[in-house]
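**Q** Below you will find the structure I want to go over with you.
The values are calculated or read from the model by the stated rules, or taken from the named source; none is laboratory data. The shown structure was predicted, so the numbers you read here are calculated from the model rather than taken from an experiment. Cβ: placed from backbone, ideal geometry, glycine included. Neighbour counts: every protein chain shown. Heavy atoms of the whole protein, side chains included, go into the accessibility calculation; ligands, DNA and RNA do not. Shrake-Rupley method; radii C 1.70, N 1.55, O 1.52, S 1.80 Å.
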Amino acid sequence: MCEEKKQGRVKCQVIYNKKIAEDIYELVFSNNKMATEAKPGQFVNVYCNGEMLLPRPISICEADEDKGTIKLVYAIAGAGTKLFSKIQDGDFVEVLGPLGNGYTLADADSSILVGGGVGTPPLLELAKRIKGKKTIYLGFRSEAYLVEEFKAYGEVYVATDDGSYGHHGNVVELMEKNIAKAEQIYSCGPNPMLKAVQKFASDNDIELQISLEERMGCGFGACVGCVCKIKADNEAGYTYKKVCKDGPVFPGSEVLL
Ligand SMILES: Cc1cc2nc3c(=O)[nH]c(=O)nc-3n(C[C@H](O)[C@H](O)[C@H](O)COP(=O)(O)OP(=O)(O)OC[C@H]3O[C@@H](n4cnc5c(N)ncnc54)[C@H](O)[C@@H]3O)c2cc1C
Ligand code: FES
């Protein structure tokens with residue numbers, strides 16, 4: 001199914017690429033090695049079949065070691081992801097990965113997972129792998145997706161900005177309303193949401209890991225196109241780290257958002 005390519009990229013056969021919500025697609029491709037190696041929170045670089053120079057980073061939503069498949073869930077954001085939406089079942093795509101560090105699976109009895117929009121997909125593989133009680137908060141602008149899949153692994157609460165599903169409002173409000181308590185929080189989503197989660201974790205003295213979705217160039221540490229600010233014991237009070245190589249997951253208390 002997969003033919004090795006130069007620079008670690010591999011050509012992988014797409015099992016299916018289907019629309020699951022407005023402008024949201026689920027793409028599953030075959031690659032035994034990636035499916036075995038992938039850790040929750042890691043991502044792959046998907047190349048636009050020669051039509052664009054730079055690849056697009058997409059989080060690993062699920063890795064099925066038995067079937068040798070990787071599932072991605074992506075939103076159409078611009079030209080690259082629009083091209084992805086045209087991929088047909090059986091086509092080949094060039095993929096590099098798994099990339100980045102992924103979440104550290106904490107030894108916690110209870111965890112909260114908070115995802116917003118396309119920050120929700122990487123939490124699915126995480127929900128599958130962590131032990132203990134899991135409370136999962138998912139936030140969307142309008143149409144919700146992956147909700148049934150998450151229900152297999154924990155108690156799920158959904159918020160939508162337009163009130164079309166679940167709580168009308170933002171997902172952090174919903175979490176606060178539930179007086180959510182846990183030993184560990186894992187989060188991924190837009191920066192304003194991460195900032196609110198960071199405050200919640202700090203106020204409640206809960207360990208936090210956050211995954212950043214900075215814009216990227218190369219995706220493997222060569223271009224410095226993806227830096228974020230991390231607290232440091234120096235004059236400036238911070239240093240820069242590369243989201244693609246040092247992250248995308250960082251200790252929540254260390255990131256300056
Ligand atoms: C580690 C990582 C994991 C990601 N995982 C997913 C995922 O699982 N599913 C998914 O749908 N998307 C994910 N993204 C975002 C995805 O990579 C971008 O949406 C995509 O690269 C946009 O490419 P494009 O050519 O379609 O749009 P472009 O034409 O490149 O951009 C379209 C618009 O989207 C904005 N944009 C582009 N990249 C980002 C970004 N990283 N964050 C915020 N805004 C951006 C641009 O500023 C522009 O306004 C991830 C990004 C990173 C860094
Ligand atoms: S995207 Fe090139 S260094 Fe991170």
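**Q** Within the stretch 160-174, can one find any residue that is closer than 24 Å to Cys61 by Cα, more than 16 Å from ligand 2 (Cβ to nearest atom) and touching a residue at least 60 places away in the same chain (Cβ under 8 Å)?
**A** no
**Q** Further question: Just a yes or no: is a residue in the stretch 33-45 assigned to a loop (DSSP other than H, G, I, E, B), more than 25 Å from Phe250 (Cβ to Cβ) and open to solvent by 10 Å² or more (accessible area, probe 1.4 Å)?
**A** No, the stretch 33-45 has no match at all.
**Q** Checking Asn49 against (1) in contact with a helix residue (DSSP H, G or I) (Cβ under 8 Å, 6 or more places away or on another chain); (2) near ligand 1 (Cβ under 10 Å from one of its atoms); (3) open to solvent by 20 Å² or more (accessible area, probe 1.4 Å); (4) within 26 Å of Cys223 (Cα to Cα), only one condition comes out false. Which one?
**A** Going through (1) in contact with a helix residue (DSSP H, G or I) (Cβ under 8 Å, 6 or more places away or on another chain); (2) near ligand 1 (Cβ under 10 Å from one of its atoms); (3) open to solvent by 20 Å² or more (accessible area, probe 1.4 Å); (4) within 26 Å of Cys223 (Cα to Cα) one by one, Asn49 breaks only (2).
**Q** Considering only the stretch 158-168, how many residues are of a type in the set (A, V, I, L, M) and either open to solvent by 60 Å² or more (accessible area, probe 1.4 Å) or not assigned by TED's automatic domain parsing to the domain that holds Leu123 (or both)?
**A** Total satisfying the criteria: 0.
**Q** Is it fair to say Pro57 is within 9 Å of ligand 1 (Cβ to nearest atom), open to solvent by less than 10 Å² (accessible area, probe 1.4 Å) and either touching a Gly at 6+ places or on another chain (Cβ under 8 Å) or under 29 Å from Gly169 (Cβ atoms) (or both)?
**A** no
**Q** Confirm whether Ile179 is in a loop (DSSP other than H, G, I, E, B) and either more than 14 Å from ligand 1 (Cβ to nearest atom) or not charged (D, E, K, R) (or both).
**A** In short, yes.
**Q** Looking at Lys18 and the list (1) open to solvent by 80 Å² or more (accessible area, probe 1.4 Å); (2) touching a residue at least 12 places away in the same chain (Cβ under 8 Å); (3) touching an Asp or Glu at 6+ places or on another chain (Cβ under 8 Å); (4) farther than 24 Å from Cys226 by Cβ, which single condition is not satisfied?
**A** (2)
**Q** Something else about it: Can you tell me which residue is farthest from ligand 1 (Cβ to nearest atom) among those in the stretch 205-235 that are small (Gly, Ala, Ser) and at pLDDT below 90? Before the answer, list the steps.
**A** From the stretch 205-235, those small (Gly, Ala, Ser) are 211, 217, 219, 221-222, 225, 232; that's our starting set.
Now restrict to residues that are at pLDDT below 90: 217, 219, 221-222, 225.
Numbers: Gly217: 10, Gly219: 8, Gly221: 13, Ala222: 15, Gly225: 10 Å.
Taking the candidates together, the pick is Ala222.
**Q** Oh, and also: Can you tell me which condition Lys11 does not meet? The list is (1) more than 16 Å from ligand 2 (Cβ to nearest atom); (2) open to solvent by less than 40 Å² (accessible area, probe 1.4 Å); (3) touching a residue at least 40 places away in the same chain (Cβ under 8 Å), and all the others hold.
**A** Tallying (1) more than 16 Å from ligand 2 (Cβ to nearest atom); (2) open to solvent by less than 40 Å² (accessible area, probe 1.4 Å); (3) touching a residue at least 40 places away in the same chain (Cβ under 8 Å), Lys11 fails exactly one: (2).
**Q** Considering only the stretch 197-224, state which residues are open to solvent by 40 Å² or more (accessible area, probe 1.4 Å) and without any contact (Cβ under 8 Å) to a residue 60 or more places away in the chain.
**A** Of everything in the stretch 197-224, those that are open to solvent by 40 Å² or more (accessible area, probe 1.4 Å) and without any contact (Cβ under 8 Å) to a residue 60 or more places away in the chain turn out to be Lys199, Ser202, Asp203, Asn204, Asp205, Glu214, Arg215, Ala222, Cys223, Val224.
**Q** Related question: In the stretch 169-176, is there at least one residue being open to solvent by 80 Å² or more (accessible area, probe 1.4 Å), assigned to a helix (DSSP H, G or I), within 16 Å of ligand 1 (Cβ to nearest atom) and not small (Gly, Ala, Ser)?
**A** no
**Q** Do any helices (runs of 4 or more DSSP H) lying entirely in the stretch 60-157 carry at least 2 residues that are touching a Gly at 6+ places or on another chain (Cβ under 7 Å), open to solvent by less than 10 Å² (accessible area, probe 1.4 Å) and more than 19 Å from Tyr25 (Cβ to Cβ), and which ones are they?
**A** Ranges flagged: 121-129.
**Q** Find all pairs meeting these conditions: Cβ atoms under 9 angstrom apart; at least six residues apart or on different chains; first residue within the stretch 233-247 and more than 10 Å from ligand 2 (Cβ to nearest atom); second residue part of a loop (DSSP other than H, G, I, E, B) and among the aliphatic types (A, V, I, L, M).
**A** As it stands, the answer is Tyr238/Ala232; Thr239/Ala232; Tyr240/Val224, since those pairs meet every condition given.
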